[in-house]
Amino acid sequence: MRFTSSEEYQKYRRKHEYLEIYDELEFLVQEKELMVQDVLLLMQIREQRELNRRLKQIDDTLKKTTEKNISGFKSISNMFDTLPYPSRIDMSDL
């Protein structure tokens with residue numbers, strides 16, 4: 001490209017400097033947006049881990065409670081099994 005004056009060359013040079021600066025700023029903005037997305041993903045991962053930990057605690061509690069209830073029902077059932085059961089009911093005793 002040929003320039004007829006020094007002034008035209010300066011305008012051309014400034015225009016390209018502005019374009020370079022703009023490109024660099026655009027890159028920095030995109031980089032920052034990616035960093036923000038990374039942070040948001042990390043926060044979601046942390047929240048999900050916390051939720052999973054709480055769900056595991058609830059699951060463990062439910063399992064223990066269920067085991068206790070089953071054990072209690074079995075012991076009640078065993079008590080009934082050991083009760084003497086008359087072979088014949090005598091109506092005169094009533």
Kindly identify region 1-81 as rounded, prolate or oblate by the Cα gyration tensor criterion: order the square roots of the eigenvalues as a ≥ b ≥ c, call it rounded if a/c is under 1.5, otherwise compare a/b with b/c, prolate if a/b is larger, else oblate. prolate
Cα-based radius of gyration of region 29-76 once divided by 2.2 N^0.38 Å, which approximates compact folds: 2.17
How much net charge surrounds residue 17 when only the other residues with a Cβ under 14 Å from the Cβ of residue 17 are counted, with Lys and Arg +1 and Asp and Glu -1? +1
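None of the figures in this text is laboratory data; all of them are computed from the coordinates on show. Note that the structure is a prediction, hence the values are computed from the model and not measured. Please note: Cβ atoms are built from the backbone with ideal geometry, for glycine as well, and neighbour counts cover all protein chains shown.
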